[in-house]
Amino acid sequence: MDNQTMYRALGIGREVYEFSRPVLDSLSERFLAIDEIAEFNQLKVLKAMQDAGVAEAHLMGTNGYGYSDIGRDALEKTYAGIFGTEDALVRSQIICGTHALALSLQANLRPGDEILSPVGKPYDTLEEVIGIRKSRGSLSEFGISYREVPLNPDGSFRYEEIRSAIHERTRLAEIQRSKGYSSRESLSPEKIGELIRFLKSVKPDLLCLVDNCYGEFVCREEPSEYGADMLVGSLIKNPGGGLAPVGGYIAGTKDCIENCAVRLSAPGLGKEVGPSLGLNRAFFQGIFLAPSITASAEKAAIFAASLYERLGFPCHPRAESGRNDIIQAIRLGSPEAVLAFCQGIQAASPVDSFVTPEPWEMPGYDAPVIMAAGAFIQGSSIELSADAPMKEPYNVYFQGGLTWPHAKFGIILSVQKLWEKGLVKL
Ligand SMILES: *Cc1c(COP(=O)(O)O)cnc(C)c1O
């Protein structure tokens, strides 16, 4: 049996299959370049694991207080090695990316301090963490203020505005690498480095925190190698490698990480407590696989953009653009097309493929959001997934793919669904 017959058995018609083939053929050189970065990052992870002396005993876990959890400690050493930081906090007790970001802010800010976002509006869920949208328990309730400077329309930094926004109380700059649900460009680690250099030249003790969600292992370097004091992300995105069932990480300076540790547990306890339960093996194996899985997801993003641009939909980033994260925004322009796209991704899933996704009021977001994911881990967006706020201009945000063949199939199936509904011409 050939591949096309298998595709047909899974619902892909000849027309859509034939349409996708030349698009794919045009991408081989780009895919080679992605594989080379994956190779570099694989070695980087391997070296960090070897330097941390990862041993069989580290794959076991503790319970209760989690004293002397040598696996957890070796894992944190591994993360610090990968990101080139003094220390790291990598815990299942950090639930998700938002929690990791909230923790890093709450831990390192004190009443009277101000946060500056020099790259415009932060990720949606941070609006409630900071108190940009009024919310119980926000930083604003604790007397911590917030200010932002947008990017220029061409994506460059407004240096002079940033300079004048920094004052005595400005304690921390929050820099988001990935564009999230905004229409700006995602920032490269180098570009973040330029910004950090400028910020530190204005105020040397300003803490620079980078929201690294979806960015890990896309490039050779990470923003921590360009002077970030804290790098924050979710383990159910890139660095969990699809195997971490929960968790978040913060990598950074010893001082910042200690603040985070005592805030996560309690003053006096810090990093010494926090049982890894049975998760050390999944965390280690996940970070070990993460460079390859991130490469699959990046190939998927480029393939999706290439197909959808050819169908006439504006894509962000453009198909031929370089990447700084694994997110692909596609402007589908209508609720019908968003639904059809998400139904295609859902129908391609290994789990819950028979489910029809529908928009819902998700905590932390201001418009109903539709999510397509038949994932092994709930909400895991390193797995093939798509989400879209149901509002103009009807962008869908596509990401993930634990294996390239699966991601490829999912994207082709999404086109099939749009085609069947008469929403695209091939
Ligand atoms: C996903 C994401 C977050 C929040 O992470 P959750 O795990 O969904 O809470 C924050 N910032 C960015 C840029 C993200 O992509």
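Summary table
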read-out: Check on SER135, within 15 Å of the ligand (Cβ to nearest atom), over 25 Å from GLY193 (Cα atoms) and surrounded by fewer than 18 Cβ atoms within 10 Å (Cβ to Cβ); value: yes
read-out: Selected residue [in contact (Cβ under 8 Å) with a residue 60 or more places away in the chain, under 25 Å from the mean Cα position of the chain (by Cα), closer than 30 Å to ASP229 by Cβ and outside the structural domain of GLN176 (by TED's automatic domain parsing)] from LEU101, LEU46, LEU27; value: LEU46
read-out: Qualifying positions in region 170-181 - open to solvent by 40 Å² or more (accessible area, probe 1.4 Å) and either within 14 Å of the ligand (Cβ to nearest atom) or not in a strand (DSSP E or B) (or both); value: TYR181
read-out: Selection status of GLY322, under 29 Å from LEU27 (Cα atoms), open to solvent by 10 Å² or more (accessible area, probe 1.4 Å) and outside any helix (DSSP H, G or I); value: yes
read-out: Number of the exception - LEU89 against (1) surrounded by fewer than 23 Cβ atoms within 10 Å (Cβ to Cβ); (2) more than 15 Å from the ligand (Cβ to nearest atom); (3) hydrophobic (A, V, I, L, M, F, W, C); value: (1)
read-out: Residue check, ILE236 open to solvent by 10 Å² or more (accessible area, probe 1.4 Å), of a type in the set (A, V, I, L, M, F, W, C) and touching a Gly at 6+ places or on another chain (Cβ under 8 Å); value: yes
read-out: From the options GLY137, GLY71, GLY120, residue that is in contact with a Leu (Cβ under 7 Å, 6 or more places away or on another chain) and in a loop (DSSP other than H, G, I, E, B); value: GLY120
read-out: Check on ILE196, in a helix (DSSP H, G or I), crowded, with 19+ Cβ neighbours inside 10 Å and away from the ligand (no atom under 16 Å from the Cβ); value: yes
read-out: Selected residue [in contact (Cβ under 8 Å) with a residue 24 or more places away in the chain and away from the ligand (no atom under 16 Å from the Cβ)] from GLY274, GLY233; value: GLY274
read-out: Failed item, numbered, when GLU39 is tested on (1) assigned to a helix (DSSP H, G or I); (2) open to solvent by less than 100 Å² (accessible area, probe 1.4 Å); value: (2)
read-out: SER156, sole failed condition from (1) among the polar types (S, T, N, Q); (2) more than 16 Å from the ligand (Cβ to nearest atom); (3) within 25 Å of the chain's Cα centre (by Cα); (4) open to solvent by 60 Å² or more (accessible area, probe 1.4 Å); value: (4)
read-out: Residue identified as at pLDDT below 95 and either assigned to a strand (DSSP E or B) or small (Gly, Ala, Ser) (or both) among GLY286, GLY364, GLY344, GLY312; value: GLY364
read-out: Residues of region 5-27 that turn out to be among the polar types (S, T, N, Q), in a helix (DSSP H, G or I) and more than 16 Å from ALA407 (Cα to Cα), as a count; value: 1
read-out: Within region 239-256, tally of residues that are open to solvent by less than 10 Å² (accessible area, probe 1.4 Å) and either within 11 Å of LEU89 (Cα to Cα) or not assigned by TED's automatic domain parsing to the domain that holds GLY270 (or both); value: 7
read-out: Hits in region 199-233 (condition: of a type in the set (Phe, Trp, Tyr) and either part of a strand (DSSP E or B) or buried (at least 24 other Cβ atoms within 10 Å of the Cβ) (or both)); value: TYR214, PHE217
read-out: So VAL396, is it open to solvent by less than 40 Å² (accessible area, probe 1.4 Å), β-branched (Val, Ile, Thr) and at pLDDT below 95; value: no
read-out: Given (1) aliphatic (A, V, I, L, M); (2) surrounded by fewer than 23 Cβ atoms within 10 Å (Cβ to Cβ); (3) under 21 Å from CYS213 (Cα atoms), number of the condition ALA347 does not satisfy; value: (3)
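The values are calculated or read from the model by the stated rules, or taken from the named source; none is laboratory data. Just so you know, these numbers come straight off a predicted model, no measurement behind them. A quick note on method: Cβ atoms are made from the backbone with ideal geometry, for glycine too, and the neighbour counts reach across all protein chains shown. Just the protein is used for accessible areas: all its heavy atoms, side chains included, with ligands, DNA and RNA removed. Shrake-Rupley method; radii C 1.70, N 1.55, O 1.52, S 1.80 Å.
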